[in-house]
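**Q** I'd like to ask you about the structure that follows.
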Amino acid sequence: MKEKKHEQSNSTGTPLHKVGEFGLIELLTSDFVTLSPHTIQGVGDDAAVIQVKDDHCVLLSTDMLVEALHFDPIYSSFEHIGYKAVVVNLSDICAMNALPRHITVSIAISNKYFVEHLQALYKGIHLACKEYDIDLVGGDTVSSLRGLTISISALGIQQYPRIAYRHGAKPGDLLCVTGNLGAAYLGLLLLEREKQLFLKNPDLQPVLPEKYSYALQRQLKPDARTDIIQLWQHQDFIPSALIDVSDGLASDLLHICHRSNVGAIVEESKIPIREDIRLMALDFNHDPITCAMNGGEDYELLFTAPEDKLPLLRYMPDISIIGEIVPKNEGIHLLTTGGKKVPITAQGWQHFSSPKEKK
Ligand code: ADP
Ligand code: MG
């Protein structure tokens with residue numbers, strides 16, 4: 001899940017923002033070699049893949065959410081926080097073409113919270129478990145000095161040949177995305193705007209117009225696309241590469257391209273953005289395409305498929321073909337509606353921002 005920018009206060013050593021989130025993960029994990037023959041996929045995809053018996057593999061993924069960075073109790077209810085914390089983890093299992101089945105939930109809580117807050121959090125967790133057929137099978141509970149931290153691990157099971165990875169995209173493949181993009185980010189902008197007004201004048205009631213309700217729902221109560229995974233299972237379709245859109249189309253497409261050693265071309269006119277979301281972006285003085293490319297938290301599935309799957313994909317519900325995979329030397333570009341080719345760069349979220357960037 002995306003987090004807000006925050007200050008890095010070390011005065012000695014290498015500042016975290018110099019290496020960035022992905023650079024840091026690479027730096028910390030690159031010396032680890034896989035020891036078990038059962039580890040099919042370690043660090044580097046949306047979930048680890050561990051062979052259990054014959055073709056059967058367990059998918060395992062973990063995400064941590066920190067108060068004030070990933071969620072803000074000022075504008076998100078504890079029920080919503082719990083629900084969303086589960087969904088973002090389930091999405092990472094879907095991003096391997098598998099269905100999630102189990103979660104563990106660990107929490108660190110400070111004494112500023114009451115039992116009722118945590119009951120509300122677990123009400124949201126429970127609701128997500130019921131909606132997605134998930135068993136809560138464990139976790140850990142500790143105290144913290146400040147605020148609330150939630151760490152969730154999700155598990156799924158899938159047959160080895162059906163698992164899809166970030167690598168696997170080939171030149172000529174179609175580039176596709178489920179659902180629509182950009183709404184969750186606009187929902188966040190609306191909540192941030194109301195929070196700032198509230199902090200200036202606590203007597204003011206938040207104004208959350210009905211016309212923005214879809215964006216709010218996408219931010220506060222997102223969906224994991226288990227429905228699409230079920231559909232693909234049913235239609236016996238396996239993407240050649242797959243990732244979930246958690247950091248924005250640009251950043252997540254770059255992951256597929258880097259892992260698959262390919263380039264890509266995305267057609268601006270094909271990026272699925274709802275009409276109400278386009279209008280909302282304009283209300284907030286934002287370019288709707290930028291919201292889709294760099295917003296994030298949509299939890300849709302970005303995937304590639306060989307061209308001969310076109311007839312199947314055309315009739316798949318809720319799927320847009322937005323471009324094509326090209327050889328690596330052709331780069332990664334957005335083809336604008338005006339016919340210009342603009343390079344797509346990792347403008348997505350930087351988890352460790354430079355102190356200078358702080359406003
Ligand atoms: P996602 O956005 O899909 O949750 P991340 O970008 O968080 O994926 O993580 C990318 C990969 O790096 C994953 O395989 C994840 O398990 C791994 N990873 C992230 N942080 C660590 C860490 N501190 N130690 C080991 N592996 C990590
Ligand atoms: Mg992911």
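The values are calculated or read from the model by the stated rules, or taken from the named source; none is laboratory data. If you're wondering where the values come from, they're calculated on a predicted model, not measured in any experiment. Cβ placement follows ideal geometry from the backbone for every residue including glycine, while neighbour counts extend to all protein chains displayed. In case anyone asks, the SASA skips ligands and DNA or RNA and just uses the protein heavy atoms, side chains included. Shrake-Rupley method; radii C 1.70, N 1.55, O 1.52, S 1.80 Å.
**Q** Quick one: among Y113, Y160, Y214, which has the greatest mean-square fluctuation in a GNM of the chain with alpha-carbon springs under 10 angstrom?
**A** Residue with maximal mean-square fluctuation among Y113, Y160, Y214: Y113.
**Q** Now for a separate question. Within the stretch 265-330, list the chymotrypsin sites (Phe, Trp or Tyr not before Pro) lying in a DSSP loop whose Cβ has at most 12 other Cβ atoms in a 10 Å radius. The partial results should precede the final answer.
**A** Numbers: sites: F284, Y299, F303, Y315; in loops: F284, Y299, Y315.
Within the stretch 265-330, the qualifying chymotrypsin sites (Phe, Trp or Tyr not before Pro) (loop, at most 12 other Cβ atoms within 10 Å) are Y315.
**Q** A further question follows. Evaluate the relative contact order of the chain (contact order divided by residue number), counting alpha-carbon pairs under 8 angstrom at least 6 apart; express in whole percent.
**A** Reported relative contact order: 24 percent.
**Q** Still on this structure: When N is the residue count of the stretch 11-162, what does its C-alpha Rg come to as a fraction of 2.2 N^0.38 Å? Working shown, then result.
**A** Numbers: Rg = 17.3 Å, N = 152, 2.2 N^0.38 = 14.8 Å.
Scaled against compact globular proteins, the figure is 1.16.
**Q** In whole percent, and with a 1.4 Å probe on the protein chains, what portion of the accessible area of the stretch 11-162 is carbon and sulfur? Could the numbers behind the result be given before it?
**A** Numbers: 4610 of 8030 Å².
Solvent-exposed carbon and sulfur of the stretch 11-162 make up 57 percent of the total.
**Q** So, one more: Could you identify which residue out of P288, P327, P37 has the top mean-square fluctuation in a GNM of the chain using Cα springs shorter than 10 Å?
**A** Looking only at P288, P327, P37, the biggest GNM fluctuation is shown by P37.
**Q** Heavy atoms only, probe 1.4 Å: what % of the accessible area of the stretch 166-358 goes to carbon and sulfur, would you let me know?
**A** On the stretch 166-358, the fraction of accessible area on carbon and sulfur atoms equals 52 percent.
**Q** Over the chain, what is the percentage of antiparallel beta bridges among all DSSP beta bridges, to the nearest 5?
**A** Percent antiparallel among DSSP bridges in the chain is about 80.
**Q** Under a Cβ-only charge scheme (Lys and Arg +1, Asp and Glu -1), can you give me the dipole magnitude of the stretch 194-274 about the Cα centre, in debye to the nearest 20? Could the numbers behind the result be given before it?
**A** Numbers: 9 positive and 11 negative charges, 38 e Å.
Result for the stretch 194-274 is approximately 180 debye, rounded to the nearest 20.
**Q** Follow-up. Could you tally up the Lys pairs in the stretch 11-162 with alpha carbons closer than 26 Å? Skip any pair fewer than 8 positions apart unless they're on separate chains.
**A** 4
**Q** So what is the accessible area of the stretch 11-162 per residue, in Å², with the probe set to 1.4 Å?
**A** Per residue, the stretch 11-162 has 53 Å² of solvent-accessible surface.
**Q** Let me ask something additional. Roughly how many whole Å is it from the C-alpha centroid of the stretch 82-125 to that of the stretch 39-65?
**A** 19
**Q** Quickly rank 165-171, 246-252 as a protection proxy: mean count of other C-beta atoms within 10 Å, highest first.
**A** On the way: 165-171: 20.1, 246-252: 24.1.
Per-residue mean Cβ counts within 10 Å order the peptides as 246-252, 165-171.
**Q** Over all alpha-carbon pairs of the stretch 166-358, lay out the pair-distance distribution in 5 Å bins, whole %, shortest bin first.
**A** With 5 Å bins starting at 0, P(r) equals 1, 8, 15, 19, 19, 15, 11, 6, 4, 2, 1, 0.
**Q** Can I ask one more? Suppose every K and R has +1 on its Cβ and every D and E has -1 on its Cβ; what is the size of the dipole of the stretch 221-359 about the Cα centre, in Debye to the nearest 20?
**A** 480
**Q** Also: Would you mind giving the three semi-axes, in whole Å and largest first, of the ellipsoid equivalent to the stretch 75-119 according to its Cα gyration tensor?
**A** 26, 11, 8
**Q** How large are Rg and Dmax for the chain when only the alpha carbon atoms are used, in Å?
**A** Expressed in Å, the Cα Rg and Dmax of the chain come to 20.4, 62.
**Q** Using a probe radius of 1.4 Å on heavy atoms only, what accessible surface per residue do you get for the stretch 166-358? Whole Å² is fine. Before the final figure, lay out the partial values.
**A** Working: 8960 Å² over 193 residues.
Heavy-atom SASA per residue in the stretch 166-358 reads 46 Å².
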